[in-house]
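What follows is one structure encoded as structure tokens, with my remarks underneath.
The values are calculated or read from the model by the stated rules, or taken from the named source; none is laboratory data. Source: prediction; values computed, not measured. As a convention, Cβ positions derive from the backbone with ideal geometry for all residues, glycine included, and neighbour counts pool all protein chains shown. Quick note on the areas: whole protein, heavy atoms, side chains included, nothing else; ligands and nucleic acids left out. Shrake-Rupley method; radii C 1.70, N 1.55, O 1.52, S 1.80 Å.
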Amino acid sequence: MNWSSPVTHHVLLVVFGVLGISSLIGLILSKRATTDAGRATVANLNARTNSWWVMVLVIFSALALGSIGTTIIFALVSFLALREFLTVTPTRSADHAALFVSFFMVLPYQFWLVHTQWYGMFVIMIPVYAFVLIPMLATLGGDVTDFLERSARTQWGLMVCVYFISHIPMLMSLKVEPLRMGPAGPVLFLIAVTQGSDVFQYVWGKLCGKRPIVPKLSPKKTVEGFVGGVLTASVVGACMFRLTPFNPWQAGLVALLLCITGFFGGLVMSAIKRARGIKDWGTLIEGHGGMMDRIDSLCFSAPVYFHVLRYFFAKD
Amino acid sequence: MAGWLTTLRHPIDYRMLRPLAVTLTRLITGANATWVNCEPRADRVRVYFANHGSHLDFATLWAALPGDVRDKTRPVAARDYWGRTRLSRATINVFNGLLIAREGITRRDNPIEQMAEAMRAGHSLILFPEGTRSRDGVIGEFKAGLYHLASKVPDAELVPVYLQNLNRILPKGHLLPIPLISSVVFGAPMLMEAGERKHDFLARAKQSVMNLMAHTPGTSTPQSS
């Protein structure tokens, strides 16, 4: 992160300013709430704000530590996400070797590849080698019950939680210019737009949400929330163009793409959850459920964003 | 002779490893405890009976208890398995385990009597009525031990416990655990009814463990939105 750039100063000012104001509003509301229902809503809001403090501090310390710090933090995020994903999707004892290899070999190796910036291996290691290896190990378990489903679950876990998430720290290896804030800029843009889209959709949905989009998957996602949230986040994205190599128009369009892929990422993860009859992936973050509940929209937007940047804006 | 050498001649007190064992177990299994219609009580003699699918079961259940309850609770383990080597005996000692015979039971070497004796001394017990580890989360038929113990110590509370995912973290026949998240669900204590037949009692006990499956964390229940 380039500390001397005015862009960095503005980002820090805005992020911590917004968080500070949110905490202040939460404090005032908690004193004013009179009914039990009101108190519960405010308590949930404050739990969310506090979680945001933790997440923002984690992300900024990672970015401040540069490429290595970001890689390590997202390797941990990936580990926690994979843990939740595979906990929820049932496997059998015959998958033990495949799961062990996924956690302790595939995951560390993928983030090692991010660190060494060996792009060719980074893009094929999980889709090709791990894809082949997982069912191979599963056959040795000698159990045919739900064989395809079991293999697919492990492969999906690796793709969504490890492969897709590893694209976030890999952004720092892209040679794109100009980056006023340094390599942290594009990472921050991705996280801010995707997470911002979730928050704005939630707010717009609360304000004027009526028609649910896919009630069976996610009853709280409404057409009004979607349109309002996506447009707001895209405009905010356009305003953040100085974090990226984009001009304002490009930033707005890329932000729109991130919002849409992020929305469907969240919907897909929600479908997986509901098929298993659960509400949250875990209990890691107070008010937010598990790690997967927090990063579900990033899973799909991160790889798409990475390749847009690489194809249209990177130098080599 | 120096004092410290003489202390080494005594058998090592494995109890000092207990806090470490608790931390390590919680770290590996990520277990969180849920109490459904049941409260942890240190002043009651209880038999915690659970489904069995992993070597981690007794350690996880034991580590999920609050400290004061845990101090009075002993996992029951098979002597023919856990008594074989010095290492396995030491492991069982760390967890304050009670070794009993599964086979070759005589009047002098009677596991029910040993368990009842531990309970009369004020200890609660952790018991796996299936007798052995099952595979892939299937809960097998309960053996009669729980019935005989309940008849012998009628005032003890029988607490059903459901252990989720431990059979996936460390399945039977595997050496290394994988880092999934497990959970321990404690259910309402049950008592043997007057004149209840062995078969009925054991079926009811098994059902009470299975009923707890619906209370594992994250499961959507009608009351939560």
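When the helices (runs of 4 or more DSSP H) confined to the stretch B:110-198 are screened for residues that are more than 14 Å from chain A (Cβ to nearest Cβ) and touching a helix residue (DSSP H, G or I) at 6+ places or on another chain (Cβ under 9 Å), those reaching at least 2 such residues are found at B:111-120, B:145-152.
Any chance you could count how many residues in the stretch A:160-181 are under 23 Å from the mean Cα position of the chain (by Cα) and surrounded by fewer than 18 Cβ atoms within 10 Å (Cβ to Cβ)?
1
Filtering B:V76, B:V36 for residues that are surrounded by 12 or more Cβ atoms within 10 Å (Cβ to Cβ), within 25 Å of B:R120 (Cβ to Cβ) and modelled with pLDDT of 85 or more leaves a single hit, B:V76.
Could you list, in sequence order, the residues of the stretch A:182-207 that are open to solvent by 50 Å² or more (accessible area, probe 1.4 Å) and either part of a helix (DSSP H, G or I) or of a type in the set (S, T, N, Q) (or both)? Give the steps one after another, and end with the answer.
Here is the first cut: in the stretch A:182-207, the ones open to solvent by 50 Å² or more (accessible area, probe 1.4 Å) are A:183, A:199-200, A:202-204, A:206-207.
A:V199, A:F200, A:Y202, A:V203, A:W204, A:K206, A:L207, listed by residue number.
Which residues, counting only those in the stretch B:173-207, are in contact with a His (Cβ under 6 Å, 6 or more places away or on another chain) and free of Cβ contacts under 8 Å to residues at least 12 places away in the same chain? Passing the criteria: only B:H174. Across the stretch B:49-73, the number of residues qualifying as in contact with a Pro (Cβ under 9 Å, 6 or more places away or on another chain), buried (at least 20 other Cβ atoms within 10 Å of the Cβ) and among the β-branched types (V, I, T) comes to 0.
So, in the stretch A:83-107, how many residues would count as being more than 9 Å from every other protein chain (Cβ to nearest Cβ) and either among the acidic types (D, E) or touching a residue at least 24 places away in the same chain (Cβ under 8 Å) (or both)? Residues meeting the conditions: 6. Just one of the listed residues (A:A62, A:A47) is surrounded by 21 or more Cβ atoms within 10 Å (Cβ to Cβ), part of a helix (DSSP H, G or I) and hydrophobic (A, V, I, L, M, F, W, C), namely A:A62. Restricting to the stretch A:103-138, give me the number of residues that are at negative phi, of a type in the set (S, T, N, Q), open to solvent by 40 Å² or more (accessible area, probe 1.4 Å) and in contact with a helix residue (DSSP H, G or I) (Cβ under 8 Å, 6 or more places away or on another chain). Within the stretch A:103-138, residues that are at negative phi, of a type in the set (S, T, N, Q), open to solvent by 40 Å² or more (accessible area, probe 1.4 Å) and in contact with a helix residue (DSSP H, G or I) (Cβ under 8 Å, 6 or more places away or on another chain) number 0.
With respect to the conditions (1) open to solvent by 70 Å² or more (accessible area, probe 1.4 Å); (2) within 27 Å of A:T89 (Cβ to Cβ), B:K143 falls short on a single one, namely (2). Total residues in the stretch A:1-39 satisfying the condition of being farther than 23 Å from A:P183 by Cβ and either in contact (Cβ under 8 Å) with a residue 12 or more places away in the chain or open to solvent by 60 Å² or more (accessible area, probe 1.4 Å) (or both): the figure is 19.
Checking each residue in the stretch A:266-279 for being open to solvent by 70 Å² or more (accessible area, probe 1.4 Å) and free of Cβ contacts under 8 Å to residues at least 12 places away in the same chain picks out A:A275, A:K279.
This table checks each residue for (1) modelled with pLDDT under 90; (2) open to solvent by 20 Å² or more (accessible area, probe 1.4 Å); (3) within 24 Å of B:T25 (Cβ to Cβ).
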| position | (1), (2), (3) |
| --- | --- |
| B:P129 | no, no, yes |
| B:T132 | yes, yes, yes |
| B:R135 | yes, yes, yes |
| B:Y147 | no, yes, no |
| B:G173 | yes, yes, yes |
| B:L176 | no, yes, yes |
| B:S182 | no, no, yes |
| B:E196 | yes, yes, no |
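Condition check ((1) buried (at least 21 other Cβ atoms within 10 Å of the Cβ); (2) more than 14 Å from every other protein chain (Cβ to nearest Cβ)) across all residues:
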{"residue": "A:I213", "(1), (2)": "no, yes"}
{"residue": "A:Q250", "(1), (2)": "no, yes"}
{"residue": "A:F264", "(1), (2)": "no, yes"}
{"residue": "A:W281", "(1), (2)": "yes, no"}
{"residue": "A:C299", "(1), (2)": "yes, yes"}
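Count of the stretch A:103-156 residues, restricted to those that are more than 21 Å from A:A275 (Cβ to Cβ), among the polar types (S, T, N, Q) and assigned to a helix (DSSP H, G or I), is 3. Kindly list the number of the only condition in (1) within 14 Å of another protein chain (Cβ to nearest Cβ); (2) under 19 Å from B:I181 (Cβ atoms); (3) open to solvent by less than 40 Å² (accessible area, probe 1.4 Å) that fails for A:I295. Tallying (1) within 14 Å of another protein chain (Cβ to nearest Cβ); (2) under 19 Å from B:I181 (Cβ atoms); (3) open to solvent by less than 40 Å² (accessible area, probe 1.4 Å), A:I295 fails exactly one: (1).
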